[in-house]
Structure formats: structure tokens, C-alpha cells
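Asker: One structure is given below, represented as C-alpha cells, and several questions about it will come after.
Every number here is computed from the coordinates shown, using simple stated rules; none is lab data. Remember, predicted model here, so these are calculated numbers, not experimental data. Heads up, the Cβs are rebuilt from the backbone with ideal geometry, glycines too, and the neighbour counts pull from every protein chain shown.
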């Protein structure tokens with residue numbers, strides 16, 4: 001993304017984590033849901049979200065069985081500030 005939301009939010013969450021656990025050391029917070037995407041000439045970090053689908057699928061012999069699939073979709077805009085990505 002063209003913005004610095006990820007690093008700013010990770011820094012704020014780390015500060016809060018330090019205050020909540022003062023006896024601990026090596027505090028670090030990392031936002032999940034970012035992937036390195038390779039384009040034609042550039043590689044960028046883009047936020048994404050996982051999704052899950054679920055349905056009862058009918059069987060030929062009668063009855064049904066559960067079917068679950070998962071996938072990912074990438075955000076075109078930053079989910080925090082709305083800045084358009086690359």
C-alpha cells in the first residue's frame with residue numbers, strides 16, 4: 001500500500017502491549033493479513049482477508065454433506081485510511 005498505516009498501527013499496538021505487560025521483554029506486535037505481491041516491475045505488500053464458504057451439498061444417493069472451502073481476497077484500498085494501493 002502507498003500509506004504507512006500498517007507500521008503506525010503496529011507501533012501503537014506495541015506501545016499498548018508494553019504498558020499491559022511491563023514485566024515482559026522483547027515486545028512485538030505484527031498485523032497478519034498482509035502478503036507480498038509480485039507485479040510486472042514491482043513487489044508490494046498488500047492487505048488481504050481470508051474467507052470461508054460453507055454449504056450442505058446434496059448427494060446423488062440422497063441426503064447431503066457439508067462442504068467448506070476457503071480463499072483470500074486482496075484489498076484495492078487500505079482498510080484503515082482508504083488510500084488506493086498500487
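Asker: Across the Cα atoms of the stretch 5-74, what radius of gyration and what greatest pairwise Cα-Cα distance (Dmax) are found, in Å?
Answerer: Calculated on Cα positions, Rg and Dmax stand at 20.4, 61 Å.
Asker: Would you please put 43-50, 14-21 in order of how densely packed they are, using the mean number of other Cβ atoms within 10 angstrom per residue and starting with the highest? Numbers along the way, then the final one.
Answerer: On the way: 43-50: 13.4, 14-21: 11.5.
With the highest mean Cβ count within 10 Å placed first, the list reads 43-50, 14-21.
Asker: To test your reading of the geometry: what angle, between 0 and 90 degrees and rounded to tens, separates the Cα axis of helix 5-20 from the longest principal axis of the chain?
Answerer: 70
Asker: How far apart, in nm, are the 7 Å Cα→Cβ label points at residue 41 and residue 16?
Answerer: Rounded to a tenth, the inter-label distance reads 4.0 nm.
Asker: Please give the FRET efficiency for residue 30 paired with residue 65, using the beta carbon to beta carbon distance and R0 = 35 Å, rounded to the nearest 0.05.
Answerer: On the way: r = 38 Å, r/R0 = 1.07.
With R0 = 35 Å, the Cβ-Cβ based efficiency is 0.40.
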